[in-house]
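Here's the structure we're looking at; comments come further down.
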Amino acid sequence: MTDDKNMNNDVNMNLVDIVGAGPGDPELITVRGMRLLQQADVVIYAGSLVNPKLLDYCRPDCTIYDSAGMNLDEVIAVIKEAWPQGKRIVRLHTGDPSIYGAIREQMDILEAAAIPFRVTPGVSSFCAAAAALKKEYVLPEVSQTVILTRMEGRTPVPAAEDIRNLAKINATMIIFLSVHMIDELVARLREGYPADTPAAVVYKASWPEEKQVIGTLADIAEKVQQAQIGRTALVTVGRFLGDEYALSKLYDKGFSHGYRNAVTD
Ligand code: SAH
């Protein structure tokens, strides 16, 4: 099996693996991510967001650290101690590590310390939210652009990327890390989108306790408060949530492309 070969390679290379855990459901990690957890000697996981069920993939003798209570130096110290011992280390991040994963600073430190690493992507929560809603973010003649953004918190957002500016485009927008500021968020969104623009909030997409709140910019804030959703949710906005769109050219029988000729009847 190619799998065995890869396993051996991984051991020989002694890489630190930065792995996307997916949005919550343990079946939504990649096959490679699961295998790396099964093989790991040390796992450092982002405890506030990663579903602990994913740790069931780990061996009973795997040493597990919850990074929720650790600072960057402490995370790096664990890696710097375990790596020279040839231990297989997985740094497990929620969703995909490239989206609000704070991995860049970790990667730069590893690089400076000449510790090789690899990144295994994951299913981001914004993909799980679309799946939960059974919607497609890009629809012909509705929007062909998805904006992933957030309100500023302790992390500032560059002024040009203020939600008020982004809202002017009326594209599909997914807002992370901001549901606790839903009133202010909606006020800013309404400076660009009409009040009747559909909005949906998905709490814990793909977890057993997943919840959805569907409305428009006129009522979504109130509905979210009623549902008592204050964290671990995405706010999605745009007419992709509505029912009007043009049919896709890709499957249009009158449209030829590289793999299919048009039907001319
Ligand atoms: N890297 C992650 C995002 C980390 S930032 C990813 O790709 O999804 C944490 C924020 O992501 C949360 O505040 C919330 O806005 C969102 N989030 C993470 N998991 C979620 C889930 N299962 N359902 C809804 N939102 C989620």
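Each reported figure results from applying straightforward, stated rules to the coordinates on display, with no laboratory input. Computed from a predicted model, the values in this text were never measured in an experiment. Glycine also receives a Cβ, built like all others from the backbone with ideal geometry; neighbour counts cover every protein chain displayed.
Pairs exceeding a 26 Å alpha-carbon distance, out of 168/223; 53/223; 135/211: 53/223. Take the Cα of residue 245, go 7 Å toward its beta carbon, and the backbone nitrogen atoms of region 209-227 under 20 Å from that spot belong to 212-217. Geometric descriptor of region 49-106, per residue, is 101 Å³ (volume of the convex hull of the Cα atoms). Have a look at the DSSP beta bridges in the chain and tell me what percent are antiparallel, nearest 5. Counting only bridges with both partners in the chain, antiparallel ones make up about 45 percent. For residue 65, the residues 5 or more places off, or on other chains, whose built amide H falls under 5 Å of its own are 43, 44, 45. Put simply, the amide H of residue 117, placed in the peptide plane, has neighbours under 5 Å in 16, leaving out anything fewer than 5 places away on its chain.
Of all the Cα-Cα pairs you can form in the chain, what percent are over 33 Å apart? Percentage above 33 Å: 34.
Rounded to the nearest angstrom and listed largest first, the equivalent-ellipsoid semi-axes of region 125-241 from its Cα gyration tensor are 19, 17, 14. In sequence order, region 232-240 has phi-based couplings of 6, 9, 10, 9, 10, 9, x, 6, 4 Hz under the Karplus curve 6.51 cos²θ - 1.76 cosθ + 1.60, θ = phi - 60°, and Gly or Pro positions carry x. Coordinate range of the alpha-carbon atoms in region 20-145 per principal axis, descending: 55, 32, 25 Å.
Peptide packing for 229-238, 252-261 was compared via the average number of neighbouring C-beta atoms within 10 Å per residue; ordered from the highest value, the list is 229-238, 252-261.
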